[in-house]
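**Q** Below is a structure I'd like to ask you about.
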Amino acid sequence: MDIVPGLAQGKALDISQSAPVVNFDSGVSGAKSYEETAGSEVVIITAGFSRKPGMTRDELCLTNMRVINDTIHNVVSHSPDCTIIMVTNPVDAMTYLAIKASKLPRNRVVGLSGVLDGARLSSFIADELKVPPASVSACILGEHGKNMVVIPRLTTVKDKPLTELLSKETIDKLVARTIMGGDEIVALLKTGSAFYAPSAAAARMAEAIILDKKETLLCAAHLDGEYGIKDTVISVPVKLGKKGIEEIIELELTTEEKQALNKSAEAVRELIKTMKLG
Ligand code: 2OP
C-alpha cells in the first residue's frame, strides 16, 4: 500500500500482468488503506523519505522517525501478530524505533541490511574473479552505513576465504565500494535510491519467514548481550523462520573485528539517542 492514491494499485496491476510472461501464480493487489492489509503475516516497511545525492542515511533519522511512528501504529493495530521487515533508513535506528513503537518482541522486527550489503560485495567480487555471484558468501556485520564491518576472512568464494583469492589492496578497494554502495546508486539516479537489490533482499527475508526456512541471513537485529553488545540494533547473522528471528548466531571474531563492531554499535546507539525515545 501507499499513501499516494492509485500508486500501489497501479504497480500491483502492472506486476500481475507480468505473471503470464515470467510464469508465477501468486496474487498481487495494491491497497489504499491499512484496513485492506489486516491480518498480514509479514509486513515490509519502506515508508519514508529516501536520500538525495550527497546525503547520509543518518540525516533522514528525525524526519523518518515521524513517518515510522505513524506507520507502525497503523500496521500493528491491523496486524498484531505480524513480523516486520524494516527497510526505511537509517535502517538500524528505524528497526530499533519499530520495536519500541510496536511493542512487539525483538524477534518479530528485523531490518534489511546485511543481505543487501553482502549482495553488493558479492557482485563486486564475482566481477573481479569472474565467478558466479551466487558462489560468493559475504560476511558483513554492524551498521548499514559508513561504519559497516566487512570481514574478508569469513567471506568465501566456493568455500575458500577471500583473503586467499585476492590481494589486500583489491579487497580494500571492493570493501570501500561496498560501504558506499548505496551512495553510488543515489548519485547516479539523482532522484531516489536503489530499488532492485533492496527489494530482492527483502523478498528473500520474507520468504525465509513465510516458508519457515530457518535460513541464516545477515540482518539488522536488536542485541541484548550477544557479541557483548546490549540495547542497540546492528547487522548480525540470524536464523529466520516462522517466529521471525529464531536465533542470533555469534561468530568468533578477532579482537580487531570486535573493536570495529563495538564502534559500529556505538555509532548506531548515538543516532538512536537523537530520537529521544526515553
Ligand atoms: C541502500 O541502497 C536502500 O539503504 C539502502 O543501501
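**Q** Based only on other Cβ atoms within 10 Å, what is the fewest-to-most ordering of 219, 61? Provide the component values of the computation, followed by the final result.
**A** Numbers: 219 30, 61 19.
Lowest to highest Cβ neighbour count: 61, 219.
**Q** Which cross-chain or sequence-distant (5 or more) residues have an amide H under 5 Å from the amide H of residue 109, H modelled 1.01 Å from N in plane?
**A** 84, 245
**Q** What ratio of Cα Rg to 2.2 N^0.38 Å holds for segment 42-157?
**A** On the way: Rg = 16.1 Å, N = 116, 2.2 N^0.38 = 13.4 Å.
Relative to the 2.2 N^0.38 Å estimate, segment 42-157 comes out at 1.20.
**Q** Still on this structure: When Lys and Arg each count +1 and Asp and Glu each count -1, what net charge do the other residues less than 14 Å away from residue 253, Cβ to Cβ, add up to?
**A** Working: positive: 153, 258, 263; negative: 226, 250, 252, 256, 257.
Taking every other residue near residue 253 into account, the sum is -2.
**Q** Additional query: Neighbour counts of other C-beta atoms within 10 Å: give me 22, 75 arranged from fewest to most.
**A** 22, 75
**Q** Go through 11/103; 52/239; 230/263 and tell me which ones have a Cα-Cα distance over 22 Å in this structure. Could you put the intermediate results ahead of the total?
**A** Working: 11/103 31 Å; 52/239 33 Å; 230/263 13 Å.
Flagged as over cut-off: 11/103; 52/239.
**Q** Taking the alpha carbon gyration tensor of the chain, what are the square roots of 5 times its eigenvalues, largest first, to the nearest whole Å? Each step should come with its number before you reach the end.
**A** Values: eigenvalues 169, 104, 70 Å².
Equivalent-ellipsoid dimensions as semi-axes: 29, 23, 19 Å.
**Q** Here's something else I'd like to know. Find the relative contact order for segment 114-273 and round it to a whole percent, using C-alpha pairs within less than 8 Å whose residues are 6+ positions apart.
**A** Working: 241 pairs, mean separation 36.1, N = 160.
Across segment 114-273, relative contact order equals 23 percent.
**Q** Which residues' amide hydrogens lie under 5 Å from the amide hydrogen of residue 149, considering only partners 5 or more residues apart or on another chain, with H built in the peptide plane?
**A** When sequence neighbours closer than 5 places are left aside, the close amide H contacts are 141, 142, 143.
**Q** Rounded to the nearest whole Å³, what is the per residue volume of the convex hull around the Cα atoms of segment 138-227? Kindly include the intermediate steps, with their values, before the conclusion.
**A** Details: hull volume 13.0 nm³, N = 90.
Output value, Cα hull per residue: 144 Å³.
**Q** Turning to a different aspect of this structure: For segment 48-106, compute Rh as the Kirkwood radius over C-alpha pairs and then the Stokes-Einstein diffusion coefficient at 20 °C and 1.002 mPa s; write the answer in µm²/s, rounded to an integer. It would help to have the intermediate numbers written out before the result.
**A** Values: Rh = 11.8 Å.
Calculated translational D: 182 µm²/s.
**Q** Stick to Cα atoms and the Kirkwood definition of Rh, then tell me Rg/Rh for segment 114-273.
**A** On the way: Rg = 15.5 Å, Rh = 16.3 Å.
My calculation puts Rg/Rh at 0.95.
**Q** Using Cβ contacts closer than 10 Å as the measure, can you line up 144, 73, 222 from fewest to most? Could you put the intermediate results ahead of the total?
**A** Numbers: 144 27, 73 13, 222 24.
In increasing order of surrounding Cβ atoms, one gets 73, 222, 144.
**Q** With a 10 Å cut-off between alpha carbons and a GNM built on the chain, which of 251, 218, 174 moves the most?
**A** Checking each option, the largest mean-square fluctuation is seen for 251.
**Q** Along the charge dipole of the chain, which of 47, 18, 114 sits closest to the positive end, that is, farthest toward it, with unit charges on the beta carbon of Lys, Arg, Asp and Glu (+1, +1, -1, -1)?
**A** Of the options given, the answer is 47.
Any read-out appearing in this document is the output of simple, stated calculations on the displayed coordinates, not a laboratory observation. Remember, predicted model here, so these are calculated numbers, not experimental data. So basically every Cβ, Gly included, is an ideal-geometry build from the backbone, and we count neighbours across all protein chains shown.
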